Amino acid sequence: QVQLVESGGGLVQPGGSLRLSCAPSRSIFSISAMGWYRQAPGKERELVATFTSGGTTNYADSVKGRFTISRDGAKRTVYLQMNSLKPEDTAVYYCHAEIRQTPFHRSSEVWGQGTLVTVSS
């Protein structure tokens, strides 16, 4: 079963930056609706940023102007550039996508294992 592999999390001071990356664990037929979600301790998982099926971007109000989602189509990779980080951005960040493994498979929803981002001085 294909997985989404995330990297780039870690500890950063307030005001700092981090860049998250996410890519499928192996070759696939197609990928769409790639995006990032996060879950802070004691809270529900929430959308951070995502590409819509039409290719536009959608951001949570709390990260607009600070976070930027981008992608490399050839590498099937999605990135999340996080600037001006705040302690309230501390969470486990999850990559999400709709993946079709082969032309004979239906598209299915896939989540990454999560990467921890801690913003603290």
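The values are calculated or read from the model by the stated rules, or taken from the named source; none is laboratory data. Computed from a predicted model, the values in this text were never measured in an experiment. We place every Cβ from the backbone using ideal geometry, glycine too, and count neighbours over all the protein chains shown. Ligands, DNA and RNA are stripped out before the accessible areas are found, and what is left, the full protein with its side chains, is counted by its heavy atoms. Shrake-Rupley method; radii C 1.70, N 1.55, O 1.52, S 1.80 Å.
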Mind grabbing the base-10 log of I(q)/I(0) for the chain at q = 0.10, 0.21 Å⁻¹? Debye formula, identical points on the C-alpha positions, no solvent, two decimal places. -0.29, -1.16
Net charge of neighbours whose Cβ lies under 12 Å from the Cβ of Y93, counting Lys and Arg as +1 and Asp and Glu as -1: 0
So the carbon and sulfur contribution to the accessible area of the chain, 1.4 Å probe, in percent, is 48
Could you derive backbone 3J(HN,Hα) for region 42-57 from the dihedral phi with the Karplus parameters 6.51, -1.76 and 1.60 (θ = phi - 60°), listing whole Hz in sequence and x where the residue is Gly or Pro? x, 10, 7, 5, 10, 6, 9, 7, 7, 8, 7, 4, x, x, 7, 10
Using the Cα centre of region 25-121 as the reference point, and only Cβ charges (+1 on K/R, -1 on D/E), how large is the resulting charge dipole? Debye, rounded to the nearest 20. 260
Proximal charge balance of S21 [Cβ under 13 Å; K/R count +1, D/E count -1]: +2
Can you compute 3J(HN,Hα) from phi for each residue in region 66-82, using the Karplus curve 6.51 cos²θ - 1.76 cosθ + 1.60 with θ = phi - 60°, rounded to whole Hz and x for Gly and Pro? 10, 10, 9, 9, 8, 8, 10, x, 5, 8, 6, 10, 10, 10, 9, 8, 10
Candidates per trypsin sites (Lys or Arg not before Pro) in region 53-121, loop by DSSP, up to 16 other Cβ within 10 Å: K64, R66, K75, R106
